[in-house]
2 protein chains.
Amino acid sequence: MRSQGGTMCEANAYIMMKEGKEELVLEDIALLRPEEEGLYLQNIFGEQKRVKARIKEMNLLDHRIILQEL
Amino acid sequence: MRSQGGTMCEANAYIMMKEGKEELVLEDIALLRPEEEGLYLQNIFGEQKRVKARIKEMNLLDHRIILQEL
């Protein structure tokens, strides 16, 4: 069920930490919704995460959603 | 070059107007970036748009990015 070689359409979400590091938050994002205190993410397997971050950039060709830690 | 039947991975961006109407903003989004005054969108054909809106919800399974007019 892993997305390999662009056969799936979903993107992965990465977070840019305040100190400059980039970390993978969640793979195969199905749903992303800004909330009061950050972002709600859900992937195609039903995994959910809430992160204190804002969207920095979404590149759907690269399948990358870059978040910025708040 | 149109995306039909989910063969492409890109999503379409729709805006929810203040008065409740929903309108297509741009198809086949490649890049989305929040800016000072709204959102910058670019599609896979190189078309660019700037809208005074925020992201309301992104559903990548449905290929829909819903924006809320500011």
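The values are calculated or read from the model by the stated rules, or taken from the named source; none is laboratory data. Source: prediction; values computed, not measured. Heads up, the Cβs are rebuilt from the backbone with ideal geometry, glycines too, and the neighbour counts pull from every protein chain shown. The protein model used for the area step is the full one, side chains on, heavy atoms only, and it has no ligands, DNA or RNA in it. Shrake-Rupley method; radii C 1.70, N 1.55, O 1.52, S 1.80 Å.
What the table below lists for this structure:
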item	result
For A:Arg54, label point 7 Å along C-beta direction: distances to other copies, nm	0.9
Neighbour net charge for B:Leu26 - beta-carbon separation under 11 angstrom, K R +1, D E -1	-3
Euclidean distance of C-alpha centroids, region B:38-70 and region A:35-70, integer Å	15 Å
Hydrodynamic radius of region A:29-70 per Kirkwood, over alpha carbon pairs, in Å	10.6 Å
Label point 7 Å beyond Cα along the C-beta direction, distances from A:Gly20 to other copies (nm, shortest first)	5.1
Solvent-accessible area buried by B and A, counting both chains, probe 1.4 angstrom, square angstrom	1700 Å²
Inter-chain shielding of A:44-55 (mean C-beta neighbours from other protein chains, 10 Å cut-off)	1
Cα-based convex hull, chain A, per residue volume (Å³, whole number)	79 Å³
Compactness of the protein assembly as shown - radius of gyration and Dmax, Cα, Å	14.4, 42
Förster-model FRET efficiency, 41 Å R0, A:Glu19 and B:Asp62, C-beta, rounded to 0.05	0.70
Positive minus negative residues near B:Lys56 (Lys, Arg vs Asp, Glu; Cβ under 12 Å)	-1
All lysines inside 29 Å of B:Lys18 as judged from Cα atoms, apart from same-chain residues fewer than 8 positions distant	A:Lys52, A:Lys56, B:Lys49, B:Lys52, B:Lys56
